[in-house]
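Below: the structure, in structure tokens.
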Amino acid sequence: MIEMSIVIPTYNRAKRLRACLEALARQTQPANEFEVIVVNDGGTDDTEKIVSSLNVPYALQIFHQKNQGQNVARNYGVEFAQGRYCLFLDDDIIAQPELIAEHLRLHHEQEGVIGLGQMSLHFAKTTNWFIASYLRGWHKHYEELNKGTREPTWEDCYAGNFSISRSVFLEVGGFAADIRKAHDVELGYRLQQLGLRYVYLSKALGKQDERKEVWELLADIEKAGAAWVTLCQRHPSMYPYLLGSMIPSLRESLLLNIFWMTGISPGILAGIGSIFGSTRWGRKWFRFVNHYCRWRGYRRVTSVQMSSKALIQGTPILMYHAFGKPGERASRFVLPISRFIQQMDLLKWLGYHVLSLEEFQQYHLNQSLPPARSVVLTFDDGYAEFYDLVYPVLKRNGFAATVFIVSEKIGACNDWTSLPELNGRPLLTSNEIREMAHYDIQFGAHSRTHARLLAMSQDHMQDEIEGSKADLENALHTPITTFAYPYGEFNAEAQDAIRNAGFRGGYSTNKGLNILGSPSFAFHRIEVEGTLSLRRFAMALWLGNTR
């Protein structure tokens, strides 16, 4: 009885296909329990002749279609499958003897799972710096899966070696017919959304015989960047995982702009990497070359609205604390009001759009870009001088702002720090907050007591987060959708807690700009220190960093 159907798409790679099929003849799984279906995707070599001439112990069929891509070929092969389960292999995978048995064992033991087999990568040429770096990254990825330090997810769903129930595959519609590159990851995402679980199979080893040159690898990475745009447009919640991983650092942002303007090719950058070798700088350069290729792919397919320049530059969210009256000494957390006025005048002179945090979040939710030269103003803790000193400046300029309030300290004083310039400093009163809420001043939560969330129990953390939201909503009679992490400290549990509490955005103290791919519960902000010069303030608007 046929239990497993192995589907292999191929295109003009007859010799490698032959090695793949011969390896399947050496499986520990009885040959009468699986079949192999080859789909010739419009190839013109002697694939059919080689397949027909093979003497293998398992049932082997070949079908033909016009060239439409691996995704369509795989779907087509499943139509003829007789097994309860489908195993997808690439035509350059040499299956080790236990591969099929391991996939079948998983599906016999568990339901609602997807089997992800291990894949080792072998290049004919390993002396090239880029290929050697590429291999290190590949091996590290699977080493983490082998050790259990990395949990498999939809991002690991590579169609070169994965299995699934045929009925489930058909139920979800198979691979998307209009997505060639990354169609396996897209399917993996849909399957995880349905609640299916990924299981990594280290013994289901497939050795990939890779013969691509450096320029072909670079082109593949660029195509992946283009494909990610398509995936994120179809599944917006993929943004933090795919495009969010492409957020450039300060140095990367500068280099990306320079290299784009000069039109330098990725091949030249890959050649430069040989200078660094396998050093720490070599690893950083390899990461940058990958980044550059993906951004090139990004740039090639994005519309004018989603221009690569805007995506790279992103939106700065400025973070202020306390403000000093004339004569009060400036410090990291206390900005003289005269400097703040200069900064606001500069924003106006440069033509910046000062968005409210709600507006920024809406753009992010809709996966659309804010206007060029947008900026967001936020103020942590809610010090009393905000009402007397800052509020009039914002009104005069017509600027929106968000103040993050410590909800149980309204009308009291700062008692959570020993810093002399902040300890005992008065905080906004309820009446002042309500008055400003009628203007374009919005309020967000900053916990109940400005406690360190990571130093408390889950229940205590939940009370600090949910309680601050409830306190402010009861006082202002308006939804509170933004949360700033006290001391900027957060982890996955804190992010989950503010998400579950009903907030739409979490704001950290991590420096940097925010692009479409920025995680919704870990937005970056730029701290405007009290001693910051106007020149460095202008630099922060552009680069996302004051240093």
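The values are calculated or read from the model by the stated rules, or taken from the named source; none is laboratory data. Not measured: the values here are computed from a predicted model. Here Cβ is always computed from backbone atoms with ideal geometry, including for glycine, and neighbour counts include all displayed protein chains.
Scanning the range 163-197 for residues that are in a loop (DSSP other than H, G, I, E, B) and either of a type in the set (S, T, N, Q) or without any contact (Cβ under 8 Å) to a residue 40 or more places away in the chain (or both), we see that the one that is farthest from ALA219 (Cα to Cα) is LEU194. Can you tell me which residue within the range 109-118, out of those that are surrounded by fewer than 21 Cβ atoms within 10 Å (Cβ to Cβ) and in contact with a strand residue (DSSP E or B) (Cβ under 9 Å, 6 or more places away or on another chain), is nearest to TYR200 (Cα to Cα)? Here the residue is GLN118. Please work out which residue is farthest from PRO316 (Cα to Cα), limiting yourself to the range 532-547 and to residues that are in contact with a Lys or Arg (Cβ under 7 Å, 6 or more places away or on another chain) and surrounded by fewer than 22 Cβ atoms within 10 Å (Cβ to Cβ). Only one residue tops the list, namely THR546.
A quick yes/no check of all residues on (1) closer than 20 Å to GLY502 by Cα; (2) in contact with an Asp or Glu (Cβ under 8 Å, 6 or more places away or on another chain):
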| site | (1), (2) |
| --- | --- |
| PRO420 | no, no |
| TYR439 | no, no |
| ARG448 | yes, yes |
| MET456 | no, yes |
| GLN462 | yes, no |
| GLU466 | yes, no |
| ASP471 | yes, yes |
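For the range 470-498, the set of residues classified as out of contact with any Ser or Thr (no Cβ under 8 Å at 6 or more places or on another chain) and among the charged types (D, E, K, R) consists of GLU473, GLU489, GLU493, ASP496, listed by residue number. Considering only residues that are touching a Leu at 6+ places or on another chain (Cβ under 6 Å) and part of a helix (DSSP H, G or I), which ones fall in the range 525-547? Within the range 525-547, LEU543 is the sole residue that qualifies. Screening the range 489-510 for residues that are among the aliphatic types (A, V, I, L, M) and buried (at least 17 other Cβ atoms within 10 Å of the Cβ) and picking the one that is nearest to ARG452 (Cα to Cα) gives ALA494.
Within the option set ASN366, ASN423, being touching a helix residue (DSSP H, G or I) at 6+ places or on another chain (Cβ under 9 Å), loosely packed, with under 15 Cβ neighbours inside 10 Å and among the polar types (S, T, N, Q) holds for one residue only, ASN366.
Every residue, every condition in (1) within 17 Å of ILE164 (Cα to Cα); (2) among the aromatic types (Phe, Trp, Tyr), yes or no:
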site: ILE50; (1), (2): no, no
site: TYR58; (1), (2): no, yes
site: GLY83; (1), (2): yes, no
site: LEU106; (1), (2): yes, no
site: GLU109; (1), (2): yes, no
site: ALA124; (1), (2): no, no
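If you filter the range 426-462 down to residues that are without any contact (Cβ under 8 Å) to a residue 40 or more places away in the chain and surrounded by 17 or more Cβ atoms within 10 Å (Cβ to Cβ), you find that the one that is nearest to VAL390 (Cα to Cα) is ALA451. Of everything listed in (1) in a strand (DSSP E or B); (2) modelled with pLDDT under 85, the single unmet condition for ALA204 is (2). Of the set (1) surrounded by 18 or more Cβ atoms within 10 Å (Cβ to Cβ); (2) in contact with a Leu (Cβ under 8 Å, 6 or more places away or on another chain); (3) over 27 Å from LEU170 (Cβ atoms), all apply to TYR58 but (3).
Of all the listed residues (THR478, THR482), the sole one being within 15 Å of SER520 (Cβ to Cβ), touching a residue at least 40 places away in the same chain (Cβ under 8 Å) and in the same structural domain as ALA437 (by TED's automatic domain parsing) is THR482.
When we screen VAL390, VAL403 for residues that are part of a strand (DSSP E or B) and touching a residue at least 12 places away in the same chain (Cβ under 8 Å), the only hit is VAL403.
Let's see how each residue does on (1) aromatic (Phe, Trp, Tyr); (2) closer than 24 Å to GLY506 by Cβ; (3) touching a helix residue (DSSP H, G or I) at 6+ places or on another chain (Cβ under 6 Å):
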{"position": "PRO326", "(1), (2), (3)": "no, no, no"}
{"position": "ALA330", "(1), (2), (3)": "no, no, no"}
{"position": "PRO336", "(1), (2), (3)": "no, no, no"}
{"position": "TRP349", "(1), (2), (3)": "yes, no, no"}
{"position": "VAL354", "(1), (2), (3)": "no, yes, no"}
{"position": "GLU358", "(1), (2), (3)": "no, yes, no"}
{"position": "ARG373", "(1), (2), (3)": "no, no, no"}
{"position": "ASP381", "(1), (2), (3)": "no, yes, no"}
{"position": "PHE399", "(1), (2), (3)": "yes, yes, no"}
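Within the range 370-380, can one find any residue that is over 22 Å from LEU453 (Cβ atoms), in the same structural domain as LEU513 (by TED's automatic domain parsing), crowded, with 19+ Cβ neighbours inside 10 Å and more than 31 Å from the chain's Cα centre (by Cα)? No, that holds for no residue.
If the condition is being assigned to a helix (DSSP H, G or I) and under 16 Å from LEU365 (Cβ atoms), then the range 465-519 contributes ILE498, ARG499. When VAL199 is tested against (1) in the same structural domain as TYR142 (by TED's automatic domain parsing); (2) modelled with pLDDT under 90, just one condition goes unmet, and that condition is (2). Number of residues in the range 122-151 that are surrounded by 15 or more Cβ atoms within 10 Å (Cβ to Cβ), touching a strand residue (DSSP E or B) at 6+ places or on another chain (Cβ under 9 Å) and in contact (Cβ under 8 Å) with a residue 60 or more places away in the chain equals 4. Kindly establish whether ARG190 is of a type in the set (Lys, Arg), at pLDDT 90 or above and farther than 24 Å from ALA132 by Cβ. Yes: the conditions hold for ARG190. Taking the criterion of being part of a strand (DSSP E or B) and at pLDDT 95 or above, the residues of the range 65-91 that qualify are TYR85, CYS86, LEU87, PHE88, LEU89.
Filter the range 516-527 down to the residues that are aliphatic (A, V, I, L, M) and surrounded by 22 or more Cβ atoms within 10 Å (Cβ to Cβ), then identify the one that is modelled with the highest pLDDT. Don't jump to the end; show me each part of the working.
Here is the first cut: in the range 516-527, the residues aliphatic (A, V, I, L, M) are 516, 522, 526.
Adding the requirement that they be surrounded by 22 or more Cβ atoms within 10 Å (Cβ to Cβ) leaves 516, 526.
On the way: LEU516: 70, ILE526: 94.
So, considering only residues that are aliphatic (A, V, I, L, M) and surrounded by 22 or more Cβ atoms within 10 Å (Cβ to Cβ), the one modelled with the highest pLDDT is ILE526.
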